[in-house]
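The values are calculated or read from the model by the stated rules, or taken from the named source; none is laboratory data. These figures come from a predicted structure and were not determined experimentally. Every residue, glycine as well, gets a Cβ built from its backbone with ideal geometry; the counts of neighbours run over all protein chains shown. When the accessible area is computed, the model is the full protein with side chains, heavy atoms only, and any ligands, DNA or RNA have been set aside. Shrake-Rupley method; radii C 1.70, N 1.55, O 1.52, S 1.80 Å.
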Amino acid sequence: MYQINTNNCVCCHNCATECPRQAIDYVGTKYQIDPDKCVECGLCARVCHTQSISDVDHPEQAVSHPVVEKECDLVVCGGGSGIVTAVRAAQLGKKVILVEKAKVLGGNTDYAHAYFPVYTKWHEAAGMPDCREEAIQHYRKATDCEIEEELFRTAVYGCGEFFDWLCHFGTCEEVYHLVNLGDVDAHGPIYGPGLLDFPNRIRDNLNCRDDAIGPGWGGTYVKYTMLEAIQNQRLDVEILTETAAKHLLTDEKGAISGLIAEDPGGEVRIKAKAVVLATGGFGKSDEKLKEFAPWFFEGETPIHRFSVPTDTGDGIDMLRELGVEPDPKRMFVSMFGPKHHPFNNILADMALEPEAVQVNLNGRRWVDETQHLHGMTAAIAQQPKEISWSIGGRDNWAAIAEKFLKNPGFAKRHWQFETWEEDLEEESKLELPVKKADTLEELAALCGMPADALVETVKQYNGFCAKGVDEAFGKDKQFLTPISEQGPYYAIYGQRFSEAAMGGLRVNGRCEITREDGTAIPGLYGVGDATSAMHRQGKLAVISELTWAVASAYTSGGNAAEYIDSL
């Protein structure tokens, strides 16, 4: 019998959309398998990227083995963005062993959408200006100069160099589009006149209508491209899955000399000249979240986490054994809400449009809805059970969907909104995501809120709309759209969610891991979410996670190879 480990499931929808018997659906906010429908074909377990599905009647049995001894030039710990490091170093002539804790490669990189190079050869060919130096100074200013300039230089230049390198593998023209932003003021994670867009899934999760979470997007593409490069170029990269990095080895001078790992059967001891830690964040470690973000567990409703099960901060543990502690001020635990995650992202987008009305479990509005997601995050934490329902009549939701259909934006997502009504009806039949009722009183009962309070809230709000003034929260009058006087009414569920918890390893511009005093540990490098490069406590990074991940992975591969050559 196949079961889903709901604690590990990130709800990427892959198993549910692939199941030939439609035996997998939501129970509350987690997927579960209906044993009465399941024919035990095992497809769900094969397509699960987090190994959250197993045949509980036939558990796998580990076979013990004596200590395995291996030797190489470079060990890469983590097969998400770390696979970029492995390929880059192998191309430079190094023998590489990549150890991955999970059964399959990918990690959180598999769930990352895109990265945003400021300037590449594509930008140059399109006649776009090179604004990399301008971008570096913009990012510095945006972070109040709290993050070192050399790190932004690595991110900005490294990401562009990575993409130019990736194009050598031959398929970028088929999957990426360079979009001229024209008059759009792009001064954020996307900087400059051109957006390198990854508009469609091309591998994995292709049956899914939800564009919020992978696999299948840019991170997945990078992973598969690297795996194909290893095979096609016959690179000297050995990949050990289900092998968790445990302890760093050092010589008498404190330089890295190898790694001790563990697979299901026992210890694997690897002698190496350098090690790269691409071990990911700590979003699945309750212990580390309680240490670095105790507020994470203060609410009544459990926060939905998108971190893969292997994100337990292993890099932090290994550095602590060397006497190096993380800096909590340079670690970030993401938190957003209210959001319709882990459910359909089209409805999530509609629910967060400023014309919608956010109501808490007391039946009361609690926010100016034009603040959108980031502006609401702190306020939703103060609402009963940290839950909000976005309410409206069918006509209200139709008007919001029509906006997206007329103005699809850069990602050309209008085709997804064509099924908005089907999505509403589909989710209204489940236990939680959407509630549908003919009257406001019935809607309130379904949502668990007082009927008289909701009716009064809607009456008051419609009065504000008639006046053109939101006397409660000051919403801009252009978004004051009255709630329909006739049903059916729909309420879309929203709660808090966390994409990841990041940081812990200090790095310099060469991606060398450093001690508290800034001195580098010889032969040790850090990349991606494991590092504190882009992160500050309580503040969003100004450069996207995948942008830093591919930039640091590419950079560390070259620098590690250079270090090995110097020995």
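Spin-label point model (7 Å from Cα, Cβ direction): what's the residue 478 to residue 295 distance in nm?
3.2 nm
What number, in percent, do you get for the relative contact order of the stretch 410-553 if the mean sequence gap of Cα pairs under 8 Å and at least 6 apart is divided by its residue count?
Values: 155 pairs, mean separation 23.6, N = 144.
Value for the stretch 410-553: 16 percent.
Report the FRET efficiency, 1/(1 + (r/R0)^6), for residue 1 and residue 250, where r is their Cβ-Cβ distance and R0 is 60 Å, rounded to 0.05.
Details: r = 47 Å, r/R0 = 0.78.
That gives a FRET efficiency of 0.80.
Give me the accessible area per residue for the chain, probe 1.4 Å, as a whole number in Å².
Numbers: 23590 Å² over 567 residues.
Per residue, the chain has an accessible area of 42 Å².
Can you tell me the length gained on complete extension of the stretch residue 124 to residue 451, counting 0.36 nm per residue apart and subtracting the Cα distance? Working shown, then result.
Details: separation 327, 0.36 × 327 = 117.72 nm, distance 6.01 nm.
Between residue 124 and residue 451, full extension yields 111.7 nm more.
Starting from the Cα of residue 27, step 7 Å along the direction of its Cβ; do the same at residue 516; then give the gap between the two resulting points in nm.
4.8 nm
Can you tell me the order of 480-487, 504-511 when each peptide is scored by its average per-residue count of other Cβ atoms within 10 angstrom, highest first? Provide the component values of the computation, followed by the final result.
On the way: 480-487: 16.1, 504-511: 24.4.
Output ranking for 480-487, 504-511: 504-511, 480-487.
Let me check against my output: what whole-number percent is the relative contact order of the chain, with C-alpha pairs under 8 Å and at least 6 apart?
20 percent
What net charge do the residues around residue 486 carry, taking every other residue with its C-beta under 14 Å from that of residue 486, with Lys and Arg at +1 and Asp and Glu at -1? Before the final figure, lay out the partial values.
Numbers: positive: 394, 436; negative: 395, 438, 441, 442, 485.
Result for the local shell: -3.
Rounded to the nearest 0.05, what FRET efficiency is calculated for residue 187 and residue 71 with R0 set to 56 Å and r the Cβ-Cβ distance? The partial results should precede the final answer.
Details: r = 48 Å, r/R0 = 0.86.
E between residue 187 and residue 71, to the nearest 0.05, is 0.70.
If a/c stays under 1.5 just call it rounded; otherwise compare a/b with b/c (prolate if a/b is bigger, oblate if not). Do that for the stretch 439-567, with a ≥ b ≥ c from the square roots of the Cα gyration tensor eigenvalues. Intermediate results must be reported in sequence, preceding the final value.
Details: a/c = 4.31, a/b = 3.56, b/c = 1.21.
Taking the square roots of the gyration eigenvalues as a ≥ b ≥ c, the stretch 439-567 is prolate.
If you average 1/r over every pair of different alpha-carbon atoms in the stretch 126-188 and take one over that average, what Kirkwood value in Å do you get?
Values: mean 1/r = 0.0735 Å⁻¹.
After inverting the pairwise mean of 1/r, the radius is 13.6 Å.
I need two numbers for the chain: Rg to one decimal and Dmax as a whole number, Cα atoms only, in Å.
Looking at the chain, its Cα Rg and Dmax stand at 24.6, 78 Å.
Counting only protein heavy atoms and a 1.4 Å probe, tell me what percentage of the chain's accessible area is made up of carbon and sulfur. Present the calculation step by step, with values, prior to reporting the outcome.
Details: 11230 of 23590 Å².
About 48 percent, which is the carbon plus sulfur part of the accessible surface.
Pop the C-beta distance of residue 40 and residue 418 into the FRET formula with R0 = 30 Å and round what comes out to the nearest 0.05.
Computed FRET efficiency for residue 40 and residue 418: 0.25.
Extending each Cα 7 Å along its Cβ direction at residue 171 and residue 64, get the distance between those two points in nm, one decimal.
Result for the modelled spin labels: 4.3 nm.
If the cut-off is 28 Å between C-alpha atoms, which lysines fall inside it for residue 253, apart from same-chain ones fewer than 8 positions away?
Partners found: 70, 94, 95, 271, 273.
Treating cross-link reach as a plain straight distance, find the lysines whose alpha-carbon is under 29 Å from the alpha-carbon of residue 329, omitting any fewer than eight places away in the same chain.
101, 141, 246, 284, 288, 290, 339, 385, 539
Excluding residues on the same chain fewer than 8 positions from residue 37, give the aspartates and glutamates whose Cα lies under 19 Å from its Cα.
18, 25, 55, 57, 426, 431
Sorted from largest to smallest, which semi-axis lengths in Å does the alpha carbon gyration tensor of the stretch 135-258 give for its equivalent ellipsoid, taking the root of 5 times each eigenvalue? Mind showing how you got there, number by number?
On the way: eigenvalues 182, 136, 47 Å².
Equivalent ellipsoid semi-axes, largest first: 30, 26, 15 Å.
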